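**Student:** Structure incoming, see below.
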Amino acid sequence: MLTVISFLVAIALLIAVHEYGHYRVAVACGVKVLRFSIGFGKPLLRWQSRTSGTEFVLALFPLGGFVKMLDEREAPVAPTERHLAFNTQSLGRRSAIVAAGPAANLLLAVLLYSVVNWTGVQLPAAILAPPQAESVAAQAGLVGGERVLRAALDGEAELEVLSFDDLRWQLTRGALEGQDVRLWVQGNSAATEREFLLRLSGLDSNEVDARLFQKIGVLGPMTRPVIGDVMPDSAAALAGLLAGDEVTQVGGKLIVDGQQLRVLIRQSVTNQVASSQVWTILRDGQRLQLTVTPRVVLEQEQPIGRIGAYVGAPPEQVLVRYGVFDGGWQALAKTWDVSVLTLKMMGRMLIGEASIKNISGPLTIADYAGKSAGLGLTQYLTFLALISVSLGVLNLLPVPVLDGGHLMYYLWEGVTGRPVSDAWMERLQQGGVAILMLMMSVALFNDISRLFG
């Protein structure tokens, strides 16, 4: 239920803001707005403004919306109202009205990021877990336990890393843009800073997923290898493990991180059989040894080991909060960075350098909406900001039927001095619908594969 409600709230808000951008600028430009609709299909609620005559509608299907303006191309217009029609406005005014929708989404993202920055949020500290063998981080010389202080992509200024989310963002940018990333870190026992170079330029990073971060060697923040809740009759319970046990060794191998322990458990299966290993644990200050035999389960048709217990203590948290000016500036910079990265990713997908599996649809968005709402208000606001940026950038693409397509028509009109002909407009609109349907089909297929595959 939380997933459905948080998804509907997100979609309704983002669409309402987008359409309100069109509506507000249209009214400011002197255009008569006939209908402002959130959703399509049968109206659930409707009311009419007594001053402007605009009909406001909340419709049955919320996956979209529109602002219907007085326009001679759609219906006859009385001579006395011709100056109120959209098509009679100057090129600059028409362009401003069309661009206002995506601009409203981008401004909403800046506002949401600002609110998160001003109120503050508890985030995992940027303390590195031991990297996987042969990963980029391991080859760079990182061993785990380092606290990342600053990061920089090639040719860019150093940026302070306040949380693990900051670090993950810089690594994502470096991997997708094919740039190496420099990290300045501080070890557990030494106050001296050290610099490490992560050579991400050589990665085959056509898809942002868990495999990408496995290659980088940074999957999550460091956590103490402590056992949490233990399920009854599980492998952990049968072995005698209790909540609060801290694992120090598995089969003689030193364990320092929860993620490291989870990987060992998953990889304990050979030929469909999980191997037993002796675990050394600390319990109430005493060192004990227990024999643990994980159970074999299938995950995406691959056998892995599970012990039926939560593994790993919560990571160290830091409060990230900015002042009024810094919070707004950081929000603006974040919106810009996400917009640029989104465009670069779309361009790479277009030329085949990035996988189309990166395209997400309504099912994935709904899933993330529910997960972020379950984590708290600040996480949900961050999710809304990210989706708002994506919606704004998507609508600015030069695809007919989208706002960017209409801006493309106006660019042609501005250069040539004449509008796009009706015949060409019809062909382009048909092509735009085909492109949009193809994108929606790919997104839906990815959703189904990602969530049910």
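**Student:** Which residue, of 368, 380, 409, is out of contact with any Asp or Glu (no Cβ under 8 Å at 6 or more places or on another chain), free of Cβ contacts under 8 Å to residues at least 60 places away in the same chain, of a type outside the set (A, V, I, L, M, F, W, C) and under 14 Å from residue 7 (Cα atoms)? Before you say what the answer is, go through the steps one by one.
**Tutor:** Numbers: 380 fails: free of Cβ contacts under 8 Å to residues at least 60 places away in the same chain; 409 fails: under 14 Å from residue 7 (Cα atoms).
Criteria check complete, one pass: 368.
**Student:** Oh, and also: Quick check on my filter: what residues within the stretch 148-202 are acidic (Asp, Glu) and in a strand (DSSP E or B)? Steps first, answer last, please.
**Tutor:** As a first pass, look at the stretch 148-202 and keep what is acidic (Asp, Glu): 154, 156, 158, 160, 165-166, 177, 180, 193, 195.
160, 193, 195, listed by residue number.
**Student:** Moving on to the next point. Checking residue 265 against (1) buried (at least 20 other Cβ atoms within 10 Å of the Cβ); (2) among the β-branched types (Val, Ile, Thr); (3) part of a strand (DSSP E or B), which test does it fail?
**Tutor:** So the condition that residue 265 fails would be (3).
**Student:** Which of the numbered conditions does residue 63 fail, given that it passes all the others? Conditions: (1) open to solvent by less than 30 Å² (accessible area, probe 1.4 Å); (2) at pLDDT below 95; (3) under 30 Å from residue 6 (Cβ atoms).
**Tutor:** Checking residue 63 against (1) open to solvent by less than 30 Å² (accessible area, probe 1.4 Å); (2) at pLDDT below 95; (3) under 30 Å from residue 6 (Cβ atoms), the one that fails is (1).
**Student:** Restricting to the stretch 361-396, give me the number of residues that are closer than 27 Å to residue 434 by Cβ and open to solvent by 30 Å² or more (accessible area, probe 1.4 Å). Spell out how you get there, then give the answer.
**Tutor:** First pass over the stretch 361-396, keeping only residues closer than 27 Å to residue 434 by Cβ: 361-366, 387-396.
Within this subset, residues satisfying the condition of being open to solvent by 30 Å² or more (accessible area, probe 1.4 Å) are 362-363, 365, 387, 390-391, 394, 396.
Of the residues in that region, 8 qualify.
**Student:** Anything in the stretch 107-147 that is in a loop (DSSP other than H, G, I, E, B) and either without any contact (Cβ under 8 Å) to a residue 40 or more places away in the chain or basic (Lys, Arg) (or both)? List them, or say none.
**Tutor:** Of all residues in the stretch 107-147, those in a loop (DSSP other than H, G, I, E, B) come to 120, 125-126, 129-135, 141-146.
Result: 133, 134, 143.
**Student:** Residues of the stretch 291-310 being open to solvent by 80 Å² or more (accessible area, probe 1.4 Å) and not in a loop (DSSP other than H, G, I, E, B), which ones? Before you say what the answer is, go through the steps one by one.
**Tutor:** Kept after step one, since they are open to solvent by 80 Å² or more (accessible area, probe 1.4 Å), are these residues of the stretch 291-310: 291, 295, 298, 300-302, 306, 310.
Once the filter is applied, which keeps residues that are open to solvent by 80 Å² or more (accessible area, probe 1.4 Å) and not in a loop (DSSP other than H, G, I, E, B), the stretch 291-310 yields 291, 295, 298, 302, 306, 310.
**Student:** Moving on. Taking the stretch 177-186 on its own, how many of its residues are among the aliphatic types (A, V, I, L, M) and in contact with a helix residue (DSSP H, G or I) (Cβ under 6 Å, 6 or more places away or on another chain)? Don't jump to the end; show me each part of the working.
**Tutor:** Step one: filter the stretch 177-186 for residues among the aliphatic types (A, V, I, L, M), giving 181, 183, 185.
When the remaining residues are screened for being in contact with a helix residue (DSSP H, G or I) (Cβ under 6 Å, 6 or more places away or on another chain), the result is 181.
Counting residues in the stretch 177-186 that are among the aliphatic types (A, V, I, L, M) and in contact with a helix residue (DSSP H, G or I) (Cβ under 6 Å, 6 or more places away or on another chain) gives 1.
**Student:** Continuing with the same structure: Out of all the residues in the stretch 218-237, which are under 12 Å from residue 290 (Cβ atoms) and surrounded by fewer than 16 Cβ atoms within 10 Å (Cβ to Cβ)?
**Tutor:** Scanning the stretch 218-237 gives a single hit, 237.
**Student:** Continuing with this model, one more query. Among the residues of the stretch 311-328, write down those that are surrounded by 15 or more Cβ atoms within 10 Å (Cβ to Cβ) and outside any loop (DSSP other than H, G, I, E, B).
**Tutor:** Within the stretch 311-328, 311, 318, 320, 327, 328 qualify.
**Student:** Going by the conditions given, is residue 388 modelled with pLDDT of 90 or more and in contact with a His (Cβ under 9 Å, 6 or more places away or on another chain)?
**Tutor:** On the way: modelled with pLDDT of 90 or more: yes; in contact with a His (Cβ under 9 Å, 6 or more places away or on another chain): yes.
Spelling it out, residue 388 is indeed modelled with pLDDT of 90 or more and in contact with a His (Cβ under 9 Å, 6 or more places away or on another chain).
**Student:** Give me the pairs: first residue in the stretch 292-304 and within 13 Å of residue 237 (Cβ to Cβ), second residue at pLDDT below 85, beta-carbon distance under 8 Å, and six or more apart or on different chains, which are they?
**Tutor:** Between residues of the stretch 292-304 that are within 13 Å of residue 237 (Cβ to Cβ) and residues that are at pLDDT below 85, the close pairs are 293/274; 293/275; 294/269; 294/274; 295/274.
The values are calculated or read from the model by the stated rules, or taken from the named source; none is laboratory data. Remember, predicted model here, so these are calculated numbers, not experimental data. Don't worry about glycine lacking a Cβ; one is built from the backbone with ideal geometry, like all the others, and counts go over all protein chains shown. Ligands, DNA and RNA are stripped out before the accessible areas are found, and what is left, the full protein with its side chains, is counted by its heavy atoms. Shrake-Rupley method; radii C 1.70, N 1.55, O 1.52, S 1.80 Å.
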